[in-house]
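The structure under discussion appears below in the form of structure tokens.
The values are calculated or read from the model by the stated rules, or taken from the named source; none is laboratory data. For clarity, every value in this text was computed on a predicted model and none was experimentally measured. Glycine gets a Cβ as well: all are built from the backbone with ideal geometry, and neighbour counts include every protein chain shown. Calculation scope for accessible area: heavy atoms of the full protein, side chains included, ligands and nucleic acids excluded. Shrake-Rupley method; radii C 1.70, N 1.55, O 1.52, S 1.80 Å.
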Amino acid sequence: MNYLVYVAQGAAVYRGEALYSLLSYFEVAPPLLANVLIYTDAPDAFRRVLGSRPDVHYPAVSTADWKAWRGNFDMPYMLKINVLEHAATYYPGNLLFLDTDTIWQRDPTPIFEQIEQGVRFMHEDEGTLKDGSPLSRKIYRRLGGREFQAGATQVRISPESKMYNSGAVGLRSQDAHVLRDVVQLADTLYATYCKPVMEQLACCTRFALDGPVQEVAPYAIHYWNVKVARPLLVKLFDEYQGGSHADLLARAHGIDLPGLQKTEMAYRTLPNWRRTLLKLVGRQYKEPRIQL
């Protein structure tokens, strides 16, 4: 059995993103490819848009569980790891977690087929810590050469240590014991250097011990850096929730999140001197004004 897993707990913006991601999934995936598990504190908000679908489930989560799943350092990023562990216990099969700020582009059947063979997935290879993003390089300067415990294994942060984006995490439920190692390692990393991405560093570091990690990126976009559209998605699903899924999806596609992400990332990756110069002449990146 295949399961596609989302967490949409808390603010309405996460529900808006999740609904867009789900509609894009239903557009590209064959019927009955996977059951969808939506871990949320507002299931009725999803039912108003999706209706009563037999392939969509809303696992019950207590307030105490939501709090515990944020981990020792109260990090929302830890929810995905603990939710996956819960799903592995109660919904055994091939598990694929996606952040809400994602858009499906292709049929994910090959991903589930590979997970069934034991392949682990994360969203995208972001390069080595030593030569990756500014944040990755900062983490390497702080942690490079140090060893940490991951279950029964010592892991070392080396120049070859890879960072994979955790906007997607996929594995078999029978391999879910590694998630306990991820939680342990993440707690240690947060205690050592409290940066938001420590959960994904823990995940990709532990996964890599068992073999290469594959990317979900060719199949789904993760627009983690684009926040301007969040209120628009909330408005869309509030005002047009009675519309057809095709109409809702067309309106969401009209926001052009992939284009916004590409433009913002192009600016973000410019050398510092270029961005400073553009700012001086009033041509720095500005979030666009978008209408539905």
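Here region 133-158 is the region considered, the condition is being open to solvent by 90 Å² or more (accessible area, probe 1.4 Å) and closer than 14 Å to residue 205 by Cβ, and the residue that is nearest to the chain's Cα centre (by Cα) is 156.
When residue 194 is tested against (1) in contact with a Cys (Cβ under 7 Å, 6 or more places away or on another chain); (2) farther than 11 Å from residue 78 by Cα, exactly one condition is not met: (1). Listed by position, the strands (runs of 3 or more DSSP E) contained in region 59-132 that have at least 1 residues being out of contact with any helix residue (DSSP H, G or I) (no Cβ under 6 Å at 6 or more places or on another chain) and open to solvent by 20 Å² or more (accessible area, probe 1.4 Å) are 120-128.
Which ones in region 139-157 are of a type in the set (Lys, Arg), in a helix (DSSP H, G or I) and touching a residue at least 24 places away in the same chain (Cβ under 8 Å)? Outline the logic, then answer.
So in region 139-157, the residues of a type in the set (Lys, Arg) come out as 141-142, 146, 156.
Then drop every residue that is not in a helix (DSSP H, G or I), which leaves 141-142.
142, the sole residue that qualifies.
In region 167-197, the qualifying residues are those that are surrounded by 21 or more Cβ atoms within 10 Å (Cβ to Cβ) and without any contact (Cβ under 8 Å) to a residue 40 or more places away in the chain, and the one that is nearest to residue 136 (Cα to Cα) is 185.
Would you confirm whether or not region 158-166 contains a residue that is out of contact with any helix residue (DSSP H, G or I) (no Cβ under 8 Å at 6 or more places or on another chain), assigned to a strand (DSSP E or B), within 18 Å of residue 211 (Cα to Cα) and touching a residue at least 60 places away in the same chain (Cβ under 8 Å)? Within region 158-166, none of the residues are out of contact with any helix residue (DSSP H, G or I) (no Cβ under 8 Å at 6 or more places or on another chain), assigned to a strand (DSSP E or B), within 18 Å of residue 211 (Cα to Cα) and touching a residue at least 60 places away in the same chain (Cβ under 8 Å).
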